[in-house]
Amino acid sequence: MNNYIKEIKAISVFIAVGLLLYSFVFILGYYDIQNYFYFSILAYILVAGIFAIASNSIKSQLLHKIINIILIPLFIILSVGTIFIPFGFLFLHVIYYVGLSLLIPFGIVEIFDYFKIVVIANEDTKLYIKFTATVFIAVILNYQLRKLIYKISIARINNSQKLKPYELDKLTDYLLSENNIRFLIYSLYVVLLFVINFYNFEDNSLTKSILNDKVILQSFVSFIAFERAVTLLKQVEFKPSDFLHKIGKSILNKYNDLDKNDDKKT
């Protein structure tokens, strides 16, 4: 029971952080003060930086206290930024992961179609291939996608000394692990399956047509079959490399046997 309470508390923290960020962005957009706010922040940081540099060369205690009061909002901004930095970069890495998983199959299909390498006339077929390939790639290339994210991320995970204490690589590996991606895909499909069936039973469609809804459902079926095949493959003792080695060994044994027979004849 304690473990469930612990997990519920952790989820509550994530939800609270997400709501705070959303509320902040919503307030800026609602009052249309984004540009004014960002300009004010930059101006304040610039002025605060000047005061911070000046305080090192000024010996007046009174002025030091005034400068410290002026710098209080800067310390608050830095503290809040320090707390939200890992959340922000992890969210960005999730966007990168989803974007790359989508970009690879969508790009390949469009390139093949443009150069007439493989002609797919039906748009629903294209959508099925893109949708299904996306989830396949998200699982199969999990390790490669994470490594690519480290290279293109603005966090500069591999060489940023300031961000190194956050251990963003370990956090990203933990969040975007293969099992987590599988769980996310299954959860997404379950939700879509429920919503699509609800709409279809109401003689309606979630997307622009019943065929598009069918594409999503068939993609889910394909993913289940793929997952089952991967699971069975891990249990199978057969390996092509071992099989090739055994065949080579059997052929070599036959040659050795022929040599022995030739020696006996002579």
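Remarks
- Other residues with beta-carbon under 11 Å from the beta-carbon of residue 243 carry, at +1 per Lys or Arg and -1 per Asp or Glu, a net charge of +1.
- Calculated FRET value between residue 187 and residue 108, using beta carbons and R₀ = 25 Å, to 0.05: 0.40
- Legend: calculated FRET efficiency, residue 234 to residue 120, from the Cβ-Cβ distance at R0 = 22 Å, rounded to 0.05, equals 0.10.
- Look at the Cα gyration tensor of segment 177-222: its axes a ≥ b ≥ c give a/c of at least 1.5 with a/b over b/c, and that counts as prolate.
- Taking each of 130/208; 147/170; 116/214; 126/214; 130/214 in turn, the alpha-carbon distance tops 22 angstrom for 116/214.
- Solvent-accessible area, 1.4 Å probe, carbon plus sulfur percent, for segment 191-235: 65
- Gap separating the Cα centres of segment 191-221 and segment 67-132, nearest whole Å: 25
- Surface exposure of segment 111-193, expressed per residue as accessible area with a 1.4 Å probe, stands at 67 Å².
- Cα gyration tensor, segment 197-251 - rounded (a/c under 1.5), prolate or oblate: prolate
- Solvent-free Debye scattering, log10 I(q)/I(0), computed from the Cα coordinates of segment 141-266 at q = 0.16, 0.21 Å⁻¹: -0.97, -1.12
The values are calculated or read from the model by the stated rules, or taken from the named source; none is laboratory data. If you're wondering where the values come from, they're calculated on a predicted model, not measured in any experiment. With ideal geometry, Cβ positions are generated from the backbone for all residues, glycine too; neighbour counts draw on all protein chains shown. Areas reflect the complete protein model, heavy atoms only, side chains present, ligands, DNA and RNA absent. Shrake-Rupley method; radii C 1.70, N 1.55, O 1.52, S 1.80 Å.
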